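Below is one structure; the comments refer to it alone.
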Protein chains: 2
Amino acid sequence: MSRKLHLALHPYGVGGPGQHGLWKDPRVAKDASIDIGYYLRQAEAAEHALFDALFIVDSQFINATYPPHYLNRLEPLTLLSAVAVRTRHLGLVGTASSTYNSPFNLARRFASLDHISGGRAGWNVVTSFDTGTARNYGLDEHLDYTTRYGRALESVEVIRGLWDSYEDDAFPADPERGLFLDPDKLHALEHRGEHFKVAGPLNLSRSPQGQPVIFQAGVSEEGRDLAARVAEGIYAPGGSLAQAQEYYADIKRRTAAHGRDPEHIKIFINGGPVVAATDEAARLREREIFEEDNDLERSLALLGRSFGAYDFTGHDLDAPFPDIAHLAEKGGRTAAGKIIERARTENLTLRQVVTSASEFRRSPFVGAPATVAETIEKWFAAGTFDGINLAFRTFEELDLFVDGVVPLLQERGLFRTEYEADTLRGNLGLPVPENRHTAARRAAQG
Amino acid sequence: MSRKLHLALHPYGVGGPGQHGLWKDPRVAKDASIDIGYYLRQAEAAEHALFDALFIVDSQFINATYPPHYLNRLEPLTLLSAVAVRTRHLGLVGTASSTYNSPFNLARRFASLDHISGGRAGWNVVTSFDTGTARNYGLDEHLDYTTRYGRALESVEVIRGLWDSYEDDAFPADPERGLFLDPDKLHALEHRGEHFKVAGPLNLSRSPQGQPVIFQAGVSEEGRDLAARVAEGIYAPGGSLAQAQEYYADIKRRTAAHGRDPEHIKIFINGGPVVAATDEAARLREREIFEEDNDLERSLALLGRSFGAYDFTGHDLDAPFPDIAHLAEKGGRTAAGKIIERARTENLTLRQVVTSASEFRRSPFVGAPATVAETIEKWFAAGTFDGINLAFRTFEELDLFVDGVVPLLQERGLFRTEYEADTLRGNLGLPVPENRHTAARRAAQG
């Protein structure tokens, strides 16, 4: 098989969504989410196993009901910069909101990480939709849907423009000519758009990979369109094999429709595997974890977050899903809208909705190492993903995957046996974007 | 002497203000300002020499006339985070503008660096006064003086509030009680002020030093007042011994007037020493450097930056200083105002103004190691500073200071022979601020 599988590691410290009980595990350090040592150990293990990237998600609003890892965790870019100097090949993908960061600051910080890591930075572009986050940034309400996505697209365009401020040969640093900078190779941006006015230039040059890699997590119509326009990597939603196939084909088709090579957008699904010595032991363990982490109270709270921290506890679990369409419409919460639509169409109760939401997050990769390797190959061959974003509850589970499953993926010719490159683009098989001003100059000169 | 001298290192890569020719030195790597290896080597040397901190300054606007180090350099916090995991005792002070960053983002990023470094983070609070920077952040003009300083003060207050979101014992993580977080120890901020509305809480707990250390560089009346209110460290302007004494006494007096212990604000002057085998060799070298880096054209450009990138080249150098008071008044450029006032009072020509501005930046610490150590002691004893911010042109000059001068300072009982603590506060002799909610609870309980 010539298509190559990509693997990323997604650390969840003391426990992310659906892992509320993880911190009680004696093997989990109680301060994992704020201990850089935990992330360095994850990163070193991932690099040892030839993974493509470390993937750090983020959020900015909390209250006491949030998952343990959300309550108290490191900011993604400061975290990844520390990891950069302790690794050499691992990609470093950090999440940052295009809603509540100025493009100039984001451009600088990711370009800086890109230099520090020698060309391994990636930006996972998210928009922030909850009222709690808005209230941390001076607003009383979150921005509406169209504004958020328009702003995200324009933010990426501005930031890419800033990343091209210097052409690659802008610094001759030639003492004989007395020329440190060639001023013709420095370009201001002078962007004036609907959401942003940014003059530039950026005070930072390009790294060996030209520009950091753009990741996105498009689920809604507008999200998928944004991904197809600008993303080079996607953090995909998950679900069944058929759902993953539909998503994969749709994104590749949309990308081609925007005139882009569909090979230049890599789709990662959420893998969170459960590996054990035998299939039976793995299935038992998976059920145990699932039941422990998905008691009704927590699942209802998680479901409520899609509706702006709505409290479902007063509702009858076995009555039809409550009529809260106004909450889904407020500011365009599309995930919430989809839940309501499905509940109506399929005539579901609240219990059925909450159970199926938990099921959706269940990993398809459960079993002994051989079973997991086989399942991964089957899904990969079926056109469901280019890569998997893996999360492990403990270092023991991480080691089981690395020592047990990775060698089998390599034997099957699915996964690399050495890094292809020193940059994230190189390992993902993505092209280095030519500097736009150099390209324009070349075009003008024929 | 019981007062202890503090030393910080201030890396200038390929050359900061007044160092336009440094990049031509064959000992200076042409990519020093964007090479994390350069900063790691500086940091490791500083820690080996028991320095208190690495001090990273910043700016966000450039054009082709700017000093080489400004043109292309790493963003301070991503830089310092990488340094954090390669050092154990060195303080990490990063500059960030309170004008163009939201308090929530700044609070998170510095708190994150504080955790990654185990309590060694410091924030150098600056306000951004130039039009070029404003144009990178959506504005056509910079904010006026009062707005900038009011915003800076409120920003520090909000950020300190966010840093106290969690009390120190907020996470019992007790499996027996099933209690990861004690929700009574998590506090929203609900700040609604003139410049900011920030609800909180911050999703990050306090580090071993409680809160990052606040640095500032107050020169103007309002700047000095802001420093006296909130700063725990100051990056002082420099000048003659008498000027430094006046500044030192003024800041300590203002700090006491705000009800604070004047020992809890540490004043660092810009030291940039020139050390050589003999006094004569050092003086020659200093003059050579000074003349090389302060040709009239560059000095005029540097002076022009105080007036919003004003171009002085058309003016007669030996005529009275030009009448450009309107540029100083625009948005309250206080440094420019002071220059004009002095030129009028002392009846100075443009040449005299530009020469004296260059002289002001000249280091008082020039000579053989014994002479430099003696001069440092004399200035220190005269009440001019608590610490020195040192910048070296080459690693050879850094080594000469570390191997030649530091042991003499230690012999004189001025400088430590081992680190007092693992945190920046500990080494600077600053107290750990008690969490405000814990303090309130204690007060309420009598």
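Observations
- Within the range B:149-162, residues that are in contact (Cβ under 8 Å) with a residue 24 or more places away in the chain have Cβ atoms under 6 Å from residues that are of a type in the set (Ser, Thr, Tyr) and open to solvent by 10 Å² or more (accessible area, probe 1.4 Å) in these pairs: B:ALA152/B:THR127, counting only partners at least 6 apart in sequence or on another chain.
- Filter result for B:ASP35 (open to solvent by 20 Å² or more (accessible area, probe 1.4 Å) and facing another protein chain (nearest Cβ under 9 Å)): yes
- For the range A:202-219, a tally of residues being within 30 Å of A:GLU329 (Cβ to Cβ) and open to solvent by 10 Å² or more (accessible area, probe 1.4 Å) returns 2.
- Sole exception among (1) within 16 Å of B:GLY15 (Cα to Cα); (2) surrounded by 21 or more Cβ atoms within 10 Å (Cβ to Cβ); (3) more than 8 Å from every other protein chain (Cβ to nearest Cβ) for B:ILE62, by number: (3)
- Residue that is farthest from A:GLU47 (Cα to Cα), among those in the range A:79-95 that are crowded, with 24+ Cβ neighbours inside 10 Å and more than 9 Å from every other protein chain (Cβ to nearest Cβ): A:GLY94
- Residue count for the range A:97-107 satisfying the condition of being open to solvent by 10 Å² or more (accessible area, probe 1.4 Å) and outside any loop (DSSP other than H, G, I, E, B): 1.
- When residues in the range B:16-26 are screened for being touching a residue at least 60 places away in the same chain (Cβ under 8 Å), open to solvent by 20 Å² or more (accessible area, probe 1.4 Å) and either within 11 Å of chain A (Cβ to nearest Cβ) or hydroxyl-bearing (Ser, Thr, Tyr) (or both), 2 of them pass.
- Residue count for the range B:230-250, restricted to those that are assigned to a helix (DSSP H, G or I) and either more than 17 Å from B:VAL126 (Cβ to Cβ) or among the aromatic types (Phe, Trp, Tyr) (or both): 10.
- Matching residues in the range B:190-201 - criterion: being open to solvent by less than 50 Å² (accessible area, probe 1.4 Å) and either touching a residue at least 60 places away in the same chain (Cβ under 8 Å) or over 13 Å from B:ARG151 (Cα atoms) (or both): B:HIS191, B:PHE196, B:VAL198, B:ALA199, B:GLY200, B:PRO201
- For the range A:150-185, filtered to residues that are among the hydrophobic types (A, V, I, L, M, F, W, C) and open to solvent by 30 Å² or more (accessible area, probe 1.4 Å), the residue that is nearest to the other protein chains (Cβ to nearest Cβ) is A:PHE171.
- Residue selected from the range B:27-39 under the condition in contact (Cβ under 8 Å) with a residue 40 or more places away in the chain and part of a loop (DSSP other than H, G, I, E, B), by the criterion nearest to A:ASP182 (Cα to Cα): B:VAL28
- Residue under evaluation A:SER363, criteria (1) in contact with a Phe, Trp or Tyr (Cβ under 8 Å, 6 or more places away or on another chain); (2) open to solvent by less than 30 Å² (accessible area, probe 1.4 Å); (3) touching a residue at least 40 places away in the same chain (Cβ under 8 Å), criterion not met: (1)
- Some residue of the range A:377-387 being basic (Lys, Arg) and outside the structural domain of A:TYR248 (by TED's automatic domain parsing): no
- Per-region count, the range B:251-267, residues within 16 Å of B:GLY429 (Cα to Cα) and in a loop (DSSP other than H, G, I, E, B): 3
- Of all residues in the range A:396-411 being touching a helix residue (DSSP H, G or I) at 6+ places or on another chain (Cβ under 7 Å) and in contact (Cβ under 8 Å) with a residue 40 or more places away in the chain, the one that is surrounded by the most Cβ atoms within 10 Å (Cβ to Cβ): A:VAL405
- Residue in the range B:313-333 that is within 27 Å of the chain's Cα centre (by Cα), open to solvent by 70 Å² or more (accessible area, probe 1.4 Å), without any contact (Cβ under 8 Å) to a residue 12 or more places away in the chain and not assigned by TED's automatic domain parsing to the domain that holds B:HIS10 present: yes
- Tally of residues being under 15 Å from A:TYR66 (Cα atoms), charged (D, E, K, R) and assigned to a loop (DSSP other than H, G, I, E, B) across the range B:151-204: 1
- For the range B:40-54, the criterion of being open to solvent by less than 10 Å² (accessible area, probe 1.4 Å), more than 11 Å from every other protein chain (Cβ to nearest Cβ), part of a strand (DSSP E or B) and out of contact with any Cys (no Cβ under 9 Å at 6 or more places or on another chain) is satisfied by at least one residue.
- The one condition in (1) more than 20 Å from B:ARG109 (Cα to Cα); (2) part of a helix (DSSP H, G or I); (3) within 12 Å of chain B (Cβ to nearest Cβ) that A:ALA111 fails to fulfil: (1)
- Residue that is nearest to the other protein chains (Cβ to nearest Cβ), among those in the range B:114-133 that are in a strand (DSSP E or B) and aliphatic (A, V, I, L, M): B:ALA121
- Residues located in the range B:134-149, provided they are within 14 Å of chain A (Cβ to nearest Cβ) and of a type in the set (A, V, I, L, M, F, W, C): B:ALA134, B:LEU139
- The set of residues in the range B:118-135 that are over 23 Å from A:ASN136 (Cβ atoms) and either open to solvent by less than 10 Å² (accessible area, probe 1.4 Å) or free of Cβ contacts under 8 Å to residues at least 60 places away in the same chain (or both) comprises B:GLY119, B:ARG120, B:GLY122, B:ASN124, B:THR133, B:ALA134.
- Here B:VAL353 meets each of (1) hydrophobic (A, V, I, L, M, F, W, C); (2) more than 26 Å from the chain's Cα centre (by Cα); (3) surrounded by 20 or more Cβ atoms within 10 Å (Cβ to Cβ) with one exception, condition (2).
- Residue match in the range A:132-147 (condition: among the hydroxyl-bearing types (Ser, Thr, Tyr) and within 18 Å of the chain's Cα centre (by Cα)): no
- Checking A:ARG73 against (1) in contact (Cβ under 8 Å) with a residue 40 or more places away in the chain; (2) within 9 Å of chain B (Cβ to nearest Cβ); (3) in contact with a Phe, Trp or Tyr (Cβ under 9 Å, 6 or more places away or on another chain); (4) more than 23 Å from B:ALA29 (Cβ to Cβ), the condition it does not meet: (3)
- Flag if B:VAL372 is buried (at least 20 other Cβ atoms within 10 Å of the Cβ), within 24 Å of B:TYR248 (Cα to Cα) and not charged (D, E, K, R): yes
The values are calculated or read from the model by the stated rules, or taken from the named source; none is laboratory data. These numbers come from a predicted model, not from an experiment. Every residue, glycine as well, gets a Cβ built from its backbone with ideal geometry; the counts of neighbours run over all protein chains shown. To get the accessible areas, we keep the full protein, side chains included, count just its heavy atoms, and leave off ligands, DNA and RNA. Shrake-Rupley method; radii C 1.70, N 1.55, O 1.52, S 1.80 Å.
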